[in-house]
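In what follows, a single structure is set out as structure tokens and then discussed.
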């Protein structure tokens, strides 16, 4: 009965005409329902592509020389780039990629009196330890070689020999930057940087005079394959220095 009644009640009611969407409306609806799937797919694809490119070395230039800059303050302005360019000019292509690249990796300890400074220093220390464990850096630019050698004991003596356990004579392992004619005479130009809203300028060469240069020692035949080439560059940059 109810069914017949409903038929009679709605006898003059016409069903809604089906809505026909235009192509633009269809595309807009599809995008509304699937936009986050598309965004997520693009992100995952980019991550996968980056992993594959890194694995095969595509788009990456491996340095011929790596130097660890370990200090309490970072290199100012574009001093790092100036140093890399000048030292690259003294080296040779060790990995056969047609380029000579001297790379400086900075490990800077901040002000440990506040939480952010302590966190920054901790992170820098962890990176440095990974560098040393992986035997990445051959050269070292240091502002406090005594503390560095006491903490890590990885430096080689200037005569090429390896220090024995307990040898704390760090002075036999480093050279002042300005004691090396090849380093002192590098054309590094001036630097410019903003510090607390003030522009600071200076000579990169003069800035480097407070640092020391050293090289890594390798024990148990664990020297990297480019060690001989690094030794050759060491001889170039320390030629004429009193050792």
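Taking the criterion of being buried (at least 16 other Cβ atoms within 10 Å of the Cβ) and either not in a helix (DSSP H, G or I) or not assigned by TED's automatic domain parsing to the domain that holds residue 74 (or both), would at least one residue in region 195-211 satisfy it? For region 195-211, residues buried (at least 16 other Cβ atoms within 10 Å of the Cβ) and either not in a helix (DSSP H, G or I) or not assigned by TED's automatic domain parsing to the domain that holds residue 74 (or both): present. Of the numbered criteria (1) free of Cβ contacts under 8 Å to residues at least 60 places away in the same chain; (2) part of a helix (DSSP H, G or I); (3) touching a strand residue (DSSP E or B) at 6+ places or on another chain (Cβ under 6 Å), the one residue 63 fails is (2). Residues in region 76-93 that are part of a loop (DSSP other than H, G, I, E, B) and modelled with pLDDT of 95 or more: 89, 90, 91, 92, 93. The listed residues are 169, 159, and the only one of them that is under 20 Å from residue 230 (Cα atoms), exposed (fewer than 15 other Cβ atoms within 10 Å of the Cβ) and out of contact with any strand residue (DSSP E or B) (no Cβ under 7 Å at 6 or more places or on another chain) turns out to be 159. Answer yes or no: is there a residue in region 89-100 that is farther than 23 Å from residue 210 by Cα, in contact with a strand residue (DSSP E or B) (Cβ under 7 Å, 6 or more places away or on another chain) and assigned by TED's automatic domain parsing to the domain that holds residue 177. Scanning region 89-100, I find at least one residue that is farther than 23 Å from residue 210 by Cα, in contact with a strand residue (DSSP E or B) (Cβ under 7 Å, 6 or more places away or on another chain) and assigned by TED's automatic domain parsing to the domain that holds residue 177, so the answer is yes. Does region 34-53 contain at least one residue that is modelled with pLDDT under 75, surrounded by 10 or more Cβ atoms within 10 Å (Cβ to Cβ) and within 18 Å of residue 229 (Cβ to Cβ)? No: region 34-53 contains no residue that is modelled with pLDDT under 75, surrounded by 10 or more Cβ atoms within 10 Å (Cβ to Cβ) and within 18 Å of residue 229 (Cβ to Cβ).
Screening residue 135 with (1) in contact with a strand residue (DSSP E or B) (Cβ under 8 Å, 6 or more places away or on another chain); (2) crowded, with 16+ Cβ neighbours inside 10 Å gives one miss only, at (2).
The values are calculated or read from the model by the stated rules, or taken from the named source; none is laboratory data. These figures come from a predicted structure and were not determined experimentally. Because the Cβ atoms are built from the backbone with ideal geometry, glycine has one as well, and the counts that use them run over all protein chains shown.
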